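**Q** Before anything else, here's the structure in question.
The values are calculated or read from the model by the stated rules, or taken from the named source; none is laboratory data. In this text the structure is predicted, and so the values were computed from the model without any measurement. Don't worry about glycine lacking a Cβ; one is built from the backbone with ideal geometry, like all the others, and counts go over all protein chains shown. The accessibility values were calculated without ligands, DNA or RNA, using every heavy atom of the protein model including side chains. Shrake-Rupley method; radii C 1.70, N 1.55, O 1.52, S 1.80 Å.
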Amino acid sequence: MGEATVGKGLNHFDSRGNAVMVDVSDKEPTRRLAVARGEIRVSPEVMEAVVQGTAAKGDVLGVARVAGIMAAKRTSDLIPMCHPLMINTCALDFTPCPQEGVIRAECRVKVSGKTGVEMEALTGVSVALLTIYDMCKALGRGMEIGAIHLVRKEGGKSGVYVNDGP
């Protein structure tokens, strides 16, 4: 990174352009919430196996839920500049939409801390969707993961953010 990025609101870089972890030691802990969503487009055969619970590898959504929660808890091990957080709660919900050929996932993460949990929610939903892919790929690899985005965040000095996207 050159000097062009320094001072432009990128707080993961020092004055020389080196990547650094943001110093949050002087911040007061506050209640934080983040909600992320995404979806996986699947074939009718995959949808039926997931909804009916007949996938050869077992309870697809149950395993995906656990995988997403585990991933949210381990985000700082995956994303280099994320702070390790003591997550208060993490929940993952799925909505199969057979008529659209998609399974939607939503991850909600809460913490009382000095930094937000957006990356944890985004990581949780991403890994949950990847787990669905992994568990169903024997039925067809033509699945597509997408539309992963932050829906809402609360807490911290920036307050509430709501993504009113499409």
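**Q** Just the residues that are assigned to a loop (DSSP other than H, G, I, E, B) and among the basic types (Lys, Arg), please, taken from region 57-78. Lay out the reasoning, then the answer.
**A** Step one: filter region 57-78 for residues assigned to a loop (DSSP other than H, G, I, E, B), giving 57-59, 74.
Selection gives Lys57, Arg74.
**Q** Given the condition within 13 Å of the chain's Cα centre (by Cα), open to solvent by less than 70 Å² (accessible area, probe 1.4 Å), among the charged types (D, E, K, R) and within 15 Å of Ala34 (Cα to Cα), answer yes or no: does some residue in region 115-131 qualify?
**A** Looking through region 115-131, at least one residue is within 13 Å of the chain's Cα centre (by Cα), open to solvent by less than 70 Å² (accessible area, probe 1.4 Å), among the charged types (D, E, K, R) and within 15 Å of Ala34 (Cα to Cα).
**Q** On to the next question. Among the residues of region 105-162, count how many are aromatic (Phe, Trp, Tyr), closer than 24 Å to Arg41 by Cβ and part of a strand (DSSP E or B). Before the answer, list the steps.
**A** The first filter runs over region 105-162 and keeps only residues aromatic (Phe, Trp, Tyr), leaving 133, 161.
Checking which are closer than 24 Å to Arg41 by Cβ leaves us with 133.
When the remaining residues are screened for being part of a strand (DSSP E or B), the result is none.
Residues in region 105-162 being aromatic (Phe, Trp, Tyr), closer than 24 Å to Arg41 by Cβ and part of a strand (DSSP E or B): 0 in total.
**Q** Take region 94-114 and flag every residue that is open to solvent by 10 Å² or more (accessible area, probe 1.4 Å), in contact (Cβ under 8 Å) with a residue 40 or more places away in the chain and either in contact with a helix residue (DSSP H, G or I) (Cβ under 6 Å, 6 or more places away or on another chain) or of a type in the set (D, E, K, R) (or both).
**A** Within region 94-114, Pro96, Pro98, Arg104, Glu106, Arg108, Lys110, Lys114 meet the criteria.
**Q** Something else now. Of everything in region 17-61 that's small (Gly, Ala, Ser) and at pLDDT below 95, which residue is nearest to Lys110 (Cα to Cα)? Full working, then the answer.
**A** Applying the first criterion (small (Gly, Ala, Ser)) to region 17-61 yields 17, 19, 25, 34, 36, 38, 43, 49, 53, 55-56, 58.
Okay, now just the ones that are also at pLDDT below 95, so 17, 19, 25, 53, 55-56, 58.
Details: Gly17: 32, Ala19: 27, Ser25: 20, Gly53: 30, Ala55: 32, Ala56: 34, Gly58: 29 Å.
If we take residues in region 17-61 being small (Gly, Ala, Ser) and at pLDDT below 95, then Ser25 is nearest to Lys110 (Cα to Cα).
**Q** Which of the numbered conditions does Ala34 fail, given that it passes all the others? Conditions: (1) surrounded by 14 or more Cβ atoms within 10 Å (Cβ to Cβ); (2) within 18 Å of Gly113 (Cα to Cα); (3) out of contact with any helix residue (DSSP H, G or I) (no Cβ under 7 Å at 6 or more places or on another chain).
**A** Tallying (1) surrounded by 14 or more Cβ atoms within 10 Å (Cβ to Cβ); (2) within 18 Å of Gly113 (Cα to Cα); (3) out of contact with any helix residue (DSSP H, G or I) (no Cβ under 7 Å at 6 or more places or on another chain), Ala34 fails exactly one: (3).
**Q** For region 41-56, indicate whether the set of residues that are out of contact with any strand residue (DSSP E or B) (no Cβ under 7 Å at 6 or more places or on another chain), assigned to a loop (DSSP other than H, G, I, E, B) and open to solvent by 80 Å² or more (accessible area, probe 1.4 Å) is non-empty.
**A** Here is the first cut: in region 41-56, the residues out of contact with any strand residue (DSSP E or B) (no Cβ under 7 Å at 6 or more places or on another chain) are 43-46, 48-49, 52-56.
Next, from what is left, pick out any that are assigned to a loop (DSSP other than H, G, I, E, B): 43, 53-56.
The next check asks that each one be open to solvent by 80 Å² or more (accessible area, probe 1.4 Å); those that pass are 54, 56.
Yes: region 41-56 contains one or more residues that are out of contact with any strand residue (DSSP E or B) (no Cβ under 7 Å at 6 or more places or on another chain), assigned to a loop (DSSP other than H, G, I, E, B) and open to solvent by 80 Å² or more (accessible area, probe 1.4 Å).
**Q** Let me ask something else about it. Scan region 49-70 for residues that are among the charged types (D, E, K, R) and within 11 Å of Cys136 (Cα to Cα) and jot them down.
**A** Filtering region 49-70 down to residues among the charged types (D, E, K, R) leaves 57, 59, 65.
Once the filter is applied, which keeps residues that are among the charged types (D, E, K, R) and within 11 Å of Cys136 (Cα to Cα), region 49-70 yields Lys57, Asp59.
**Q** Being loosely packed, with under 15 Cβ neighbours inside 10 Å and under 18 Å from the mean Cα position of the chain (by Cα) is the filter; apply it to region 135-147 and report the residue that is nearest to Pro29 (Cα to Cα).
**A** Pass one, region 135-147, residues loosely packed, with under 15 Cβ neighbours inside 10 Å: 137-138, 140-142, 144, 146.
Keeping just the survivors that are under 18 Å from the mean Cα position of the chain (by Cα) gives 144, 146.
Values: Glu144: 38, Gly146: 33 Å.
Restricting to residues being loosely packed, with under 15 Cβ neighbours inside 10 Å and under 18 Å from the mean Cα position of the chain (by Cα), the top hit is Gly146.
**Q** Next question. So Asp26 passes all but one of these: (1) part of a loop (DSSP other than H, G, I, E, B); (2) in contact (Cβ under 8 Å) with a residue 24 or more places away in the chain. Which condition number does it fail?
**A** (2)
**Q** Would you tally the residues in region 62-93 being open to solvent by 30 Å² or more (accessible area, probe 1.4 Å), farther than 17 Å from Lys110 by Cβ and either of a type in the set (A, V, I, L, M, F, W, C) or in contact with a His (Cβ under 7 Å, 6 or more places away or on another chain) (or both)?
**A** Count: 5.
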